[in-house]
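Taken together, the values in this text are just the output of simple stated rules run on the coordinates, not laboratory data. Because the structure is a prediction, the values reported are computed rather than measured. Reconstructed Cβ throughout: ideal geometry from the backbone, glycine too, with neighbour counts over all protein chains shown.
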Amino acid sequence: MTSIDSAGLKRMFDAIAAAIDADKDRLCQLDGVIGDADHGIAMALGFGAVRDALASLDLSAIEPTILLNTAAKSFLNAVGASSGPLYATAFMRGAAAVKGKAILEDADIIAMLRAMAQGIQDRGKAELGEKTMVDAWLPAAQAAGAAQEAGKTLLESLETALAAAERGAEATKNMIAAKGRSSRLGERSLGHMDPGAASAVTIVKAMRDSLA
Ligand code: ADP
Ligand code: MG
């Protein structure tokens, strides 16, 4: 059993910020093909702002729910692109899922992950198959939930989630964009990975590396 406190969650956000930073150019390139080439910049700005905001918190004095709401607010303020409100909602829902807990056990982390994915879907109203980050986040959350319920460890559950996110992101190549900026391309979006699904994989990977 893994126990994650606010300091552990901060380490998770630091790991995500570093991973997104390293992935920034690839994400911009992917967005350049079917969008406006800013996805890597938007995500790096967002997670950079989260990292800076969390650095000024007294982690011994705040619960995970406050930390996650701080992350939501700073991400939203930093990002003008459509990924801004989507991830802000994800972190707010994650915050609600762990409300009142000082320490997060395996099941709490998985509940947080599932709430984040659900928040992204509720905010953007994208269904599976519409070539968005939902195509990576939803299967990842479902796989993590199923693994957790089957008694797997946090590491095993996050491994399963990562594999599902990777499959989902890969599958967006065969989808026609139906939501967001790239939907204007219609069939011309075929054959290209959705940048939001690609960054979702990077995030889930950093979560696996830092939490488990
Ligand atoms: P913008 O499209 O405003 O430039 P970004 O480039 O940061 O924003 O993000 C683009 C990504 O946002 C897309 O690749 C897609 O995954 C995701 N996205 C766009 N609209 C939606 C939506 N309605 N629901 C879920 N994800 C969406
Ligand atoms: Mg863009």
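General remarks:
- 222 nm mean residue ellipticity, helices alone, for the chain (DSSP H n ≥ 4; -39,500 (n - 2.57); rounded to 500): -23500 deg cm²/dmol
- Alpha-carbon centroid distance for the pair segment 72-110 / segment 5-19, whole angstrom: 13 Å
- Cα gyration tensor, segment 1-81 - rounded (a/c under 1.5), prolate or oblate: prolate
- Total formal charge among the other residues, if their Cβ is under 12 angstrom from that of R208, Lys/Arg +1 and Asp/Glu -1: -3
- Rounded if a/c under 1.5, otherwise prolate or oblate - segment 51-146, Cα gyration tensor axes: oblate
- Extended-chain gain in nm, criterion 0.36 nm per residue less alpha-carbon gap, A163 and E105: 18.7 nm
- Order of H192, H39 - criterion: other Cβ atoms within 10 Å of each residue's Cβ, fewest first: H192, H39
- If the segment from I176 to D21 were pulled out straight at 0.36 nm per residue, it would be longer than the present Cα-Cα gap by 53.0 nm.
- Taking the fewest neighbouring Cβ atoms within 10 Å as the starting point, the ordered list for S56, S74, S157 is S56, S74, S157.
- Residue exposure sequence - T153, T172 - by fewest surrounding Cβ within 10 Å: T153, T172
- Of the cross-linked pairs K24/K205; K73/K125; K99/K125; K125/K205, those separated by over 19 Å at the C-alpha level are K73/K125; K99/K125; K125/K205.
- Cα long-axis angle, helix 6-34 against the chain (0 to 90 degrees, to the nearest 10): 0 degrees
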